[in-house]
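First the structure, in the form of structure tokens, and then the observations on it.
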Amino acid sequence: MAEPVNVLDMTPSDFKTFLDSFDYVFSDCDGVLWSGAPLPKSGEFIEKMKKLGKSVHFVSNNSIRTRENYESKFKAAGIENGFDNLTVPSIAMAEYLKSINFDKKIYCVSCPETVRVLERAGWDCVVGPETGADNYADYIQYLRDDLDVGAVVFDSDYKVNLPRLYKALTYLKRPDVIFLSGATDKYVPLQPGSLILATGIFTDIVVAESKRKPVLLGKPGQGFAEFAMKRAGATNPSRVLFIGDMIDQDVGLGKAAGFKTLCY
């Protein structure tokens, strides 16, 4: 395995060789293109890559943002057609379910936008409950199966609670129930120097208790990378450069897929 190289230390000749080594740029969004406001010259960089003949696409674990929010972020950064070239877990999960002709209900332990994406694609989604019963003995109600549910989706549910985990585990006892996972982030930055628990922690609990591995359609899943490649029309992973700001999620995705990686 090659040792990491600081591109700022490259000679002009080595830097040209590096630029010539990829045809596609896949970029993360949060922390790379913007952090609240657009990061300095992020839009200029994207336009420069396009002028150099690179096909630029965006790959994010963030299904929470609406299309309108993403479009405003790309516009503020000076990036054209950003959303049209964006892949997030909710889009990948909808396409996956379409590909297998899925026709049952989906139990969503996910953010509202993921639910909306799946519902717009034509499926009935089951969510909640918002809170649990006061008496723990009453939690038996969350162990009742619903045979109409054929898939369980985890993707950035910041209102996750014990009743939702119980219901997910109940459905996943049936081997035919599909288990999909989007964002796997265990921690997210809330403010500079401060990390908070993210929803990947709770997905891991369900994975351990159900003894089932989900189809991973978020970073760093190889299937997610392959889906992003398909949408971009890329066929050779070694000709893709992935730019991110997180080792586990972004560099991990690159390693799983065989991409070149650039950690910002």
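Here are a few things to note about the model shown:
- In this entry, residue 139 is excluded by the filter for residues that are over 30 Å from residue 41 (Cα atoms) and in a strand (DSSP E or B).
- Among the residues making up region 157-186, a single one is at pLDDT below 95 and either polar (S, T, N, Q) or part of a strand (DSSP E or B) (or both): 184.
- Meets criteria (more than 21 Å from residue 100 (Cα to Cα), modelled with pLDDT under 95 and among the aliphatic types (A, V, I, L, M)) for residue 247: yes
- Residue match in region 70-84 (condition: part of a loop (DSSP other than H, G, I, E, B), of a type in the set (A, V, I, L, M, F, W, C) and not assigned by TED's automatic domain parsing to the domain that holds residue 165): yes
- One residue stands out in region 172-197 among those that are surrounded by 18 or more Cβ atoms within 10 Å (Cβ to Cβ) and out of contact with any Ser or Thr (no Cβ under 8 Å at 6 or more places or on another chain): the one that is farthest from residue 83 (Cα to Cα), namely 177.
- Checking each residue in region 51-82 for being within 17 Å of the chain's Cα centre (by Cα) and under 19 Å from residue 240 (Cα atoms) picks out 57, 58, 59, 60, 61, 82.
- Region 187-203 - residue that is outside any helix (DSSP H, G or I), hydroxyl-bearing (Ser, Thr, Tyr) and farther than 17 Å from residue 130 by Cβ and, of those, modelled with the lowest pLDDT: 194
- In summary, residue 101 fulfils each of the numbered conditions (1) assigned to a loop (DSSP other than H, G, I, E, B); (2) surrounded by 14 or more Cβ atoms within 10 Å (Cβ to Cβ) with the single exception of condition (2).
- Residue within region 33-41 that is over 20 Å from residue 246 (Cβ atoms) and in contact with a strand residue (DSSP E or B) (Cβ under 7 Å, 6 or more places away or on another chain) present: no
- Options 25, 88; residue that is within 23 Å of residue 255 (Cβ to Cβ) and over 15 Å from the mean Cα position of the chain (by Cα): 25
- In region 137-171, the residues that are in contact with a Lys or Arg (Cβ under 6 Å, 6 or more places away or on another chain), surrounded by 13 or more Cβ atoms within 10 Å (Cβ to Cβ) and not aromatic (Phe, Trp, Tyr): 149, 150
- Qualifying residue in region 143-162 (condition: under 25 Å from residue 62 (Cβ atoms) and basic (Lys, Arg)): yes
- A single entry from 92, 137 fulfils the requirement of being of a type in the set (A, V, I, L, M), within 23 Å of residue 164 (Cβ to Cβ) and in contact (Cβ under 8 Å) with a residue 12 or more places away in the chain: 92.
- The criterion of being at pLDDT 95 or above, part of a helix (DSSP H, G or I), out of contact with any Gly (no Cβ under 8 Å at 6 or more places or on another chain) and under 16 Å from residue 31 (Cα atoms) does not hold for residue 94.
The values are calculated or read from the model by the stated rules, or taken from the named source; none is laboratory data. No experiment lies behind these values; they were computed from the predicted model shown. Backbone-built Cβ (ideal geometry, glycine too); neighbour counts: all protein chains shown.
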